[in-house]
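These notes are about the structure you will find just below.
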Amino acid sequence: MPAMPLDGVRILDFTWVVAGPVATRILADHGAEVIKVERKEPPQLGNRKLGLQCDLNRGKLSVALNMQHPRGVELARRLAAKSDVVIDNFSARVMRTWGMDYESLAAVKPDIICISMSGLGHTGPRASYVSYGPTLQALTGYTMLMAEPDGTPAGYGYSYADTCGGYTGALAALIAIWNRRRTGRGQFVDLAQLEAVASVIGPALLDISVNGRTQPAPGYNSQEGPAAPHGIYKCRALDGDDDRWVAIAVSTGPEWRRFVTAIGTPSWASDPKFRTLYLRMQNSAELDANVSRWTADRSAEDAMAILQRAGIAAGVVENGIDLCARDPQLKERDFWPAVSTARGATTNVTGIPFKLSGGSGKVRSIAPEVGENFDYVLGELLGLGRAERDELVAAGAVWP
């Protein structure tokens, strides 16, 4: 296998759920050896060989250590001494309670990099709080901004904060590794996921911080520049799926004229109430109803193709089947690589969203079961013989 950018880097991974595993997955995809430290029976988050947990933990190793047992903690410290980065996404107090905080580990390995992806950071009045993705989204205003037409906060169905925190964690790790190569010094990275998600809230945050204005909830409307028609419009069913939509945005006068021609120059389009962008926005409800009648007679793919040929911004609102099986761009770029499962079958996982001309990352293996790499981590890496490993199991310090 060709060398990858992070070959030779070892990550001791105490993360779980989504945010931390996203960070360490990115590092594993680019050559880092990621060793997950887990408990024997972690919370049931899903099948490690299929689905989300498979995707989040691919390319990693797993060892199950009892961090409530002194010898389990000592094994973790020995692993840290052989690692470049120790990363967790617990609340701020957990690693300190185990004696696995930066100050303690730096005494064992002076150039260690410790990354704490806590929800709220290690300083401030809420430093000890536990957080979850939806909590962070509420604290940063996303939940209020996403409201139903009657004003009821809707929030996000998926924890966007977890993904945002994960990508920030991977970036922080790379910066710290680069700095160590330059200076020879490790460091502690205090990453507050609250701040990671607040930093990408966009125009609302700028308007509040710079102008002191409170943003009204945009609901499901676009926050981009003015346009009309602008939204998603229902289309003809496809293979029994009646939930098909196309997104359309028409901003300028020339775009409007091309749009009207593309949809067959219907009589309603010559109504004076649609003459200018301002008037089209003022009469958007009636305009959308007219556009919806046109899209309803076409598949989302056909509507997109017709409008794109006319130079109009339009695209299919893709669902899971579209993304995984129909999207020609993702298919051409091999965004859904297949990895082998334990029984020899294959499953598909998400790909790596960038390609390096000098040698890209690779999805190397499926996610491990808890403790699956017991022999490698304790035997080959730490040099413990079979008898010593068996004795640790008998003592309850580790689980095979």
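Couple of notes before you dig in:
- Filtered residues of the range 362-388 (kept if closer than 18 Å to residue 36 by Cα and charged (D, E, K, R)): 364, 369, 372, 375, 380
- Annotation: residue 297 fulfils all but one of (1) touching a Gly at 6+ places or on another chain (Cβ under 6 Å); (2) touching a residue at least 60 places away in the same chain (Cβ under 8 Å); the unmet one is (1).
- Flag if residue 172 is touching a residue at least 40 places away in the same chain (Cβ under 8 Å) and closer than 21 Å to residue 56 by Cβ: yes
Quick grid of which residues meet (1) surrounded by 15 or more Cβ atoms within 10 Å (Cβ to Cβ); (2) under 31 Å from the mean Cα position of the chain (by Cα); (3) at negative phi:
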site: 348; (1), (2), (3): yes, yes, yes
site: 352; (1), (2), (3): yes, yes, yes
site: 358; (1), (2), (3): no, yes, yes
site: 362; (1), (2), (3): yes, yes, yes
site: 371; (1), (2), (3): yes, yes, no
site: 392; (1), (2), (3): yes, no, yes
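- Among the residues of the range 376-387, those that are out of contact with any Ser or Thr (no Cβ under 9 Å at 6 or more places or on another chain) and either part of a loop (DSSP other than H, G, I, E, B) or in contact (Cβ under 8 Å) with a residue 24 or more places away in the chain (or both) comprise 376, 378, 381, 382, 383, 384, 385.
- Flag for residue 127 being crowded, with 17+ Cβ neighbours inside 10 Å and either in the same structural domain as residue 89 (by TED's automatic domain parsing) or in contact with a helix residue (DSSP H, G or I) (Cβ under 7 Å, 6 or more places away or on another chain) (or both): no
- Residue, surrounded by the most Cβ atoms within 10 Å (Cβ to Cβ), within the range 320-346, restricted to residues that are under 17 Å from residue 360 (Cβ atoms) and acidic (Asp, Glu): 334
- The numbered conditions (1) under 26 Å from residue 350 (Cα atoms); (2) assigned to a helix (DSSP H, G or I) are all true for residue 106 except (1).
The values are calculated or read from the model by the stated rules, or taken from the named source; none is laboratory data. Predicted, not measured: the structure shown is a model, and the values here were computed from it. Because the Cβ atoms are built from the backbone with ideal geometry, glycine has one as well, and the counts that use them run over all protein chains shown.
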